[in-house]
Structures are given as structure tokens and as C-alpha cells.
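The values are calculated or read from the model by the stated rules, or taken from the named source; none is laboratory data. This is a predicted model, so every value here is computed, not measured. Don't worry about glycine lacking a Cβ; one is built from the backbone with ideal geometry, like all the others, and counts go over all protein chains shown.
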Amino acid sequence: MLVHSSTSADSRPEAMADVPGACDLQLTRAIIQYRDVHETQLPGGRIQDIGLGLVLEGRYASSAQVIDLGSGSVRSMDLSTELVILDWAYEPTLMHVHSLVVAEAHDPEGRDPARDSELRRYCFRIALGVLDRLGFSYLTRPSLLRVGFRDVCRDLDLHEGTAFRLVLGERRVARIHMNYESGGLVVSTGRSSPDPIFEDSLTSAFPSGELRRGKSSGPTGSVWYTVRFPLPLTMEETQAHLLAVRKGMERLLARFEPDRHRALRDVLSVLGTRNTLARLAVPAADVGTETVTSRPSSLTVH
């Protein structure tokens with residue numbers, strides 16, 4: 001009997017999509033970079049988190065158990081639709097993190113977010129090691145910007161969110177967070193109409209940025225702004241960009257909250273400013289054409 005095999009489109013079941021659009025990889029041990037789509041609590045994320053996670057259990061991507069390498073917090077994430085894998089941890093490393101998670105769960109002091117626990121210290125060493133090995137690229141840039149912007153917020157306005165809050169007047173507060181993909185700033189005001197004085201202050205505070213105005217949908221939508229900057233293409237440009245953001249926020253503080261600005265200036269003059277990225281020995285690389293020059297085989301985008 002002659003069996004005829006056909007691979008034409010006519011033989012494909014109509015209900016089957018050509019591209020399923022969902023990840024079915026075994027993700028356990030993956031070190032991932034998670035995005036806004038995975039965070040819904042606070043724009044810009046929590047101050048303790050850095051957006052880099054180690055997948056503790058990833059048999060099913062749609063319900064993976066991920067520990068943030070900044071805060072040491074474990075959460076369930078849906079990684080089936082958008083995912084950046086930067087590296088893979090060794091099995092002994094994964095087992096050690098598991099043991100630290102279990103130990104901290106039975107230690108009341110270990111759950112104190114103000115206490116730098118062994119779990120958080122170990123996880124952060126993993127994160128810095130990964131960024132150090134991979135160097136600067138268009139894939140690691142969002143993580144570098146997030147770590148650097150977190151330093152700025154911890155120096156100038158330490159609270160639960162990775163954002164900078166500014167009192168503009170009675171019952172008026174602006175909130176500034178960073179879009180880590182673009183390096184731009186997003187400013188929410190709570191006002192339903194433009195504020196020319198504040199707009200002029202933003203332009204003066206960030207002279208290298210491009211200010212744009214938008215408004216939330218709906219009849220009572222609030223006005224928001226974006227401050228766009230040229231994308232940093234090297235580690236040196238990333239550091240310079242973060243310094244410009246820091247200086248701009250200090251200018252806004254001096255303009256709208258002079259007492260707070262003076263107090264912070266005195267404290268930082270004694271303690272110094274945070275600069276976590278200075279701990280990275282990132283090799284110089286030409287990424288002007290967005291080329292990954294360090295360990296390209298370990299970088300995966302889904």
C-alpha cells in the first residue's frame with residue numbers, strides 16, 4: 001500500500017496555530033530579567049527589588065517560582081509570554097538558595113526587610129556576578145539602569161517604591177519613576193490640567209532631556225509627563241545618565257523643597273552617595289550597533 005505524506009498547509013489542522021506564543025521551556029536555574037508586565041504593584045517596582053530573578057521552580061513557565069536577587073522575595077510569576085534569560089545558575093547554587101529561603105522562613109528576624117539577611121546578601125552577589133560577567137549590552141542595560149536608579153531613590157527618597165516623590169504645594173505631590181527599557185523618566189502629577197511652572201522646572205532640571213506631556217484616559221484623567229534621553233550605549237554613558245538624573249532631582253528638590261534639599265545635602269556630604277554600578281568591572285565594549293560582545297550564547301530572549 002502506498003502512503004502519501006504531505007506537508008502542505010492544507011494538511012494542518014485549522015485549530016492549530018503556527019506560533020503558539022507561549023514558553024514551554026524548563027526554566028529552573030534560569031536567571032531572568034523580568035519586566036513591567038510581571039509587576040503590577042508599583043510603577044518602577046519595589047525599592048528592595050532589582051528586576052533580576054533566579055527561577056527556583058520553573059517546570060511550568062506559567063507558574064514559575066522566582067526569587068528576586070535584590071530583595072530575596074519569592075513570588076509566583078507567569079513567564080510564558082515575555083521573558084529574558086541572562087544566564088543559568090549551577091545546581092549547587094540553586095540548592096544553597098533553597099536552603100537559605102527555608103532557613104529565613106523559620107527566622108522571624110530574617111523576614112525583616114530592613115535587615116540585610118544572609119539570603120539577600122547571597123542573592124545580590126549572584127546578581128552582581130552575572131552583570132559583571134555579561135558586561136554591558138542592550139539586554140543588560142535595563143538591569144543596570146534599574147540598579148543605578150534604585151541607588152538614586154534610596155539616597156533621595158527612601159520608601160517602598162523605586163520612585164522619587166516631590167511635594168509641589170499643598171496636597172500636590174509628583175512621583176517620578178524610570179522606564180528601564182528607555183532610560184526615560186515618567187512623571188505623574190495627579191493634576192487634571194497642565195502645570196506650566198512645573199513643566200519649566202522639569203525642563204531646567206533635565207536640560208539634556210526632551211519633555212513630553214500626556215493625559216490619562218477618562219474624563220478625570222490626570223496629566224503625566226515623560227522626560228526622554230538619548231539611550232546610553234556604554235557603561236560610561238549609563239553612569240553619566242544616572243548622574244544627570246540624580247542632579248536633576250536634586251535641582252527639583254532645591255526648587256520645591258529647599259529644607260529637605262539642605263538636609264539631604266548635609267547627610268550625603270558625610271555619608272556619600274550610593275553607586276552600586278562602580279562595583280562592576282564591566283569591560284569596555286562597542287555597543288553602538290547593539291551587539292552583544294560578552295558571552296552571547298548565554299543571552300536568550302523569549
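Counting only helices (runs of 4 or more DSSP H) that fall entirely inside segment 177-276 and contain at least 2 residues that are more than 26 Å from residue 47 (Cβ to Cβ), outside the structural domain of residue 70 (by TED's automatic domain parsing) and modelled with pLDDT of 95 or more, the qualifying elements are 196-205. Selection of strands (runs of 3 or more DSSP E) fully inside segment 41-82 by the criterion of at least 3 residues being buried (at least 20 other Cβ atoms within 10 Å of the Cβ) returns 52-57, 64-68. Can residue 255 be described as within 26 Å of residue 280 (Cβ to Cβ), among the basic types (Lys, Arg) and either in contact (Cβ under 8 Å) with a residue 24 or more places away in the chain or crowded, with 17+ Cβ neighbours inside 10 Å (or both)? Spelling it out, it is not the case that residue 255 is within 26 Å of residue 280 (Cβ to Cβ), among the basic types (Lys, Arg) and either in contact (Cβ under 8 Å) with a residue 24 or more places away in the chain or crowded, with 17+ Cβ neighbours inside 10 Å (or both). Residues that are over 25 Å from the mean Cα position of the chain (by Cα) and within 16 Å of residue 224 (Cβ to Cβ) were ranked within segment 199-213; the one that is surrounded by the fewest Cβ atoms within 10 Å (Cβ to Cβ) is 199. Listed conditions (1) touching a helix residue (DSSP H, G or I) at 6+ places or on another chain (Cβ under 9 Å); (2) of a type outside the set (Phe, Trp, Tyr); (3) touching a residue at least 40 places away in the same chain (Cβ under 8 Å) are all met by residue 208, apart from (3). Pairs are defined by a Cβ separation below 6 Å, a sequence spacing of at least 6 or placement on different chains, a first member in segment 50-76 that is within 20 Å of residue 25 (Cβ to Cβ), and a second member that is acidic (Asp, Glu) and at pLDDT below 90; the pairs so defined are 62/78. Could you go through segment 199-213 and let me know if any residue there is of a type outside the set (Phe, Trp, Tyr) and within 27 Å of residue 83 (Cα to Cα). Scanning segment 199-213, I find no residue that is of a type outside the set (Phe, Trp, Tyr) and within 27 Å of residue 83 (Cα to Cα), so the answer is no.
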